[in-house]
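I have placed the structure first, in the form of structure tokens, so that the comments after it can refer back to it.
No value in this document is a laboratory result; all are computed from the given coordinates. A quick note: this is a predicted structure, and the numbers were derived from the prediction, not measured.
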Amino acid sequence: MSKHIISMCMNAILVSIDIGQFTHATSYVSKAEQTLDALDTITVAKLRCVAGLADLESKKFKLASPKFLETCRELGSQYDEELGTSNGCCQMGSEFDRDCQVIAAKSKSHQV
């Protein structure tokens, strides 16, 4: 039953992303995360990526960055075919952190 719920959630997430409904995708991420017994490492990483994408879409860069970095740690070097994706996620997450720090520094320097 749990695997069926995960499969349904993953399919609903794909459709939600395709039609640009990231809030719906986030709801299905939460539903999938509640079925802990059926989650494997790759599925957890995919769910974190979706959550990060939803944060990016709503311009919550600071929240998105750790989700991508967690994904990189989850995948590690266990999955050679996923290594390029994981490295890209790490790089993207690091760039968001730097961008957020620059924006914060600029806004503080403009305060009276």
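Cross-link list Lys3/Lys31; Lys3/Lys67; Lys31/Lys67: which exceed 20 angstrom alpha carbon to alpha carbon? Distance filter (> 20 Å) returns Lys3/Lys67.
Couplings for region 47-61, taken from phi via the Karplus curve 6.51 cos²θ - 1.76 cosθ + 1.60 with θ = phi - 60°, read 5, 5, 4, 4, 4, x, 4, 4, 5, 4, 4, 8, 6, 9, 5 Hz in order; Gly and Pro are left as x.
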